Amino acid sequence: MFLHLGNDISIRLKDVISIYDYELFQKGSNRAFLDMARENIIHAVGEGQEKKSLVVTKDRIYLSAISPLTLSRRKRKLWLDE
């Protein structure tokens, strides 16, 4: 199963470690985490769209314009449908 993050990017559901609100990563030590992982960040955000969520997998970090609540609901639904 795959989780669609937007901007024609989908990831395998089993690779998702966590889904966060992007706002939490704008200050403090969370910002430092993003700065350290800069080369592993993939933008699933279209032009003119606001970053809303941060999806962590074992290899990469994805930024998405889809809210973390919506992504979590999609993940839960896909997980239950398996």
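The values are calculated or read from the model by the stated rules, or taken from the named source; none is laboratory data. Being a predicted model, the structure only gives us computed values, none of them experimental. Neighbour counts are summed over all protein chains in view; Cβ atoms, including those assigned to glycine, are modelled from backbone coordinates with ideal geometry.
Does LEU54 meet the test of being surrounded by 15 or more Cβ atoms within 10 Å (Cβ to Cβ) and aliphatic (A, V, I, L, M)?
When the stated conditions are applied, LEU54 passes them.
Give me the pairs: first residue in region 21-42 and in contact (Cβ under 8 Å) with a residue 24 or more places away in the chain, second residue of a type outside the set (Asp, Glu) and in a loop (DSSP other than H, G, I, E, B), beta-carbon distance under 6 Å, and six or more apart or on different chains, which are they?
Matching pairs, first to second residue: TYR22/LYS51; TYR22/LYS52; ILE42/ARG60.
May I ask you to list the residues in region 31-48 that are of a type outside the set (A, V, I, L, M, F, W, C) and surrounded by 15 or more Cβ atoms within 10 Å (Cβ to Cβ)? Talk me through it step by step, then tell me what you get.
Just the residues of region 31-48 that are of a type outside the set (A, V, I, L, M, F, W, C), to begin with: 31, 35, 38-40, 43, 46-48.
The one that is of a type outside the set (A, V, I, L, M, F, W, C) and surrounded by 15 or more Cβ atoms within 10 Å (Cβ to Cβ): HIS43.
Looking only at region 9-29, filter to residues that are in a strand (DSSP E or B) and of a type in the set (S, T, N, Q); which one of those is nearest to ILE66 (Cα to Cα)?
Among residues in region 9-29 that are in a strand (DSSP E or B) and of a type in the set (S, T, N, Q), the one nearest to ILE66 (Cα to Cα) is SER10.
Report, by residue number, each residue of region 31-54 that is farther than 16 Å from LEU5 by Cβ and not in a helix (DSSP H, G or I).
Matches in region 31-54: ALA37, GLY48.
Going by the conditions given, is ILE66 touching a Pro at 6+ places or on another chain (Cβ under 7 Å) and not in a helix (DSSP H, G or I)? I'd like the intermediate steps shown before the answer.
Working: touching a Pro at 6+ places or on another chain (Cβ under 7 Å): no; not in a helix (DSSP H, G or I): yes.
In short, no.
Going by what's in this entry, would LEU78 be described as modelled with pLDDT of 90 or more and surrounded by 11 or more Cβ atoms within 10 Å (Cβ to Cβ)?
Judged against the criteria, LEU78 is not a match.
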